[in-house]
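Q: Take a look at this one; I'll ask things after.
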Amino acid sequence: MNHHNRQLLRQAGFTLVELLIVLALIGVVASLAYPSFQETIRLNRVQSQTTRLLSTLMIARSEAAKTNRPTIICKSPNGSTCSTDASVKWDGGWLVFRDDDGDGVQDAGEPVIRVENAVPETVTVRATEAAFANSLTYAPDGTINGLITQIFKICSGDSIRGARAIAVDATGRPRVNDNPGGSCPE
């Protein structure tokens, strides 16, 4: 092997020091990006749960108008019955059913339209009005009962940053507010 070939073989790789410097730089960049990535995940969870609840509200309103029957969305930790227990929160899950007899109670034989399971533990969903703490009823014309605007607040932990709210006014139309203000309910 001549001198030129030996020199090429010696220059073909990286030294251990060079590899350690590159790994250190990768570690520094990753540690800087990690908090931002965590924030993105947190905000995405809030957005995802907001979309779930919004679509459920729109389905409930549509079902009421389509069938000319009251349709109720209620909190439901088990996905089969509504709960009036104050310790059960909306983030435990909810369901939509058609209230064929109009009594405001889920009876045997009344069809369940949609079931949503619990949201991730890091996300909270709360109704802000006591009148709607357990359920929201859409009348056959797609409106909600009462003149109070119902607000659902969706937060990640106790941070208002990135929180969202869904307001349902008396006409029954749900709309998302990206800056709900105030604080996140416990």
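Q: Once phi is turned into ³J(HN,Hα) by the Karplus curve 6.51 cos²θ - 1.76 cosθ + 1.60 with θ = phi - 60°, what whole-Hz value does each residue of segment 115-131 show in order, with x for glycine and proline?
A: For segment 115-131, the Karplus-derived couplings read 10, 10, 6, 4, 7, x, 4, 7, 10, 10, 10, 9, 7, 8, 9, 4, 4 Hz, x marking Gly and Pro.
Q: Let me ask another. Give the label of the value calculated from the structure for Cα extents along the principal axes in Å, choosing from (i) 55, 32, 29; (ii) 97, 32, 30; (iii) 97, 35, 28.
A: Read-out from the structure maps to (iii).
Q: Here's a follow-up. Mind checking which lysines have their Cα closer than 20 Å to the Cα of K75? Skip sequence neighbours fewer than 8 apart in that chain.
A: K89, K153
Q: If the chain between S159 and K66 were fully stretched, how many nm would it gain, using 0.36 nm times the residue separation less the Cα-Cα distance?
A: Using 0.36 nm per residue and subtracting the Cα-Cα distance, I get 29.6 nm.
Q: As a footprinting exposure proxy, order I113, I41 by other Cβ within 10 Å, with the fewest listed first.
A: Starting with the residue having the fewest Cβ neighbours, the order is I41, I113.
Q: Any chance you could get the radius of gyration and Dmax over the Cα atoms of segment 78-186, in Å?
A: Spelled out, the Cα radius of gyration and Dmax of segment 78-186 are 14.3, 43 Å.
Q: So, one more: Length gain on complete extension for the stretch L32 to V115, per 0.36 nm per residue less the alpha carbon to alpha carbon distance?
A: 25.9 nm
Q: What does the charge dipole of the chain about its Cα centre add up to, to the nearest 20 debye, if the Cβ of each Lys and Arg holds +1 and the Cβ of each Asp and Glu holds -1?
A: Taking the Cα centre of the chain as origin, the dipole is about 980 debye.
Q: Something else: If you line up the long axis of helix 16-67 against the longest principal axis of the chain, both from Cα atoms, how many degrees apart are they, to the nearest 10?
A: Orientation of helix 16-67: about 20 degrees from the principal axis.
Q: Taking neighbour Cβ counts within 10 Å as the exposure measure, how do V105, V29, V88 sort from fewest upward?
A: In order of increasing Cβ crowding within 10 Å: V29, V105, V88.
Q: Moving to a separate point now. Taking R0 as 35 Å, what's the FRET efficiency between S87 and A167 from their Cβ-Cβ distance, rounded to 0.05?
A: In this case the efficiency is close to 0.85.
Q: Can you list the residues, at least 5 places off or on another chain, whose amide H is less than 5 Å from the amide H of I160, using H built in the peptide plane?
A: Sorted by chain and number, the residues that satisfy this are C184.
Q: Note the full-extension length gain between A24 and N145 as 0.36 nm times their separation in residues minus their Cα-Cα distance, in nm to one decimal.
A: The A24-N145 span can extend by a further 37.4 nm.
Q: Please find the FRET efficiency linking M58 to D107, where r is the Cβ-Cβ separation and R0 is fixed at 41 Å, and quote it to the nearest 0.05.
A: FRET efficiency, M58 to D107: 0.95.
Q: For a footprinting-style exposure proxy, rank E63, E129, E121, E110 by other Cβ within 10 Å, fewest first.
A: Starting with the residue having the fewest Cβ neighbours, the order is E121, E129, E110, E63.
Read-outs: derived from the displayed coordinates by stated rules, not from any lab. All values derive from a computational prediction rather than experimental measurement. No Cβ is skipped: glycine too gets one built from the backbone with ideal geometry, and neighbour counts run over all protein chains shown.
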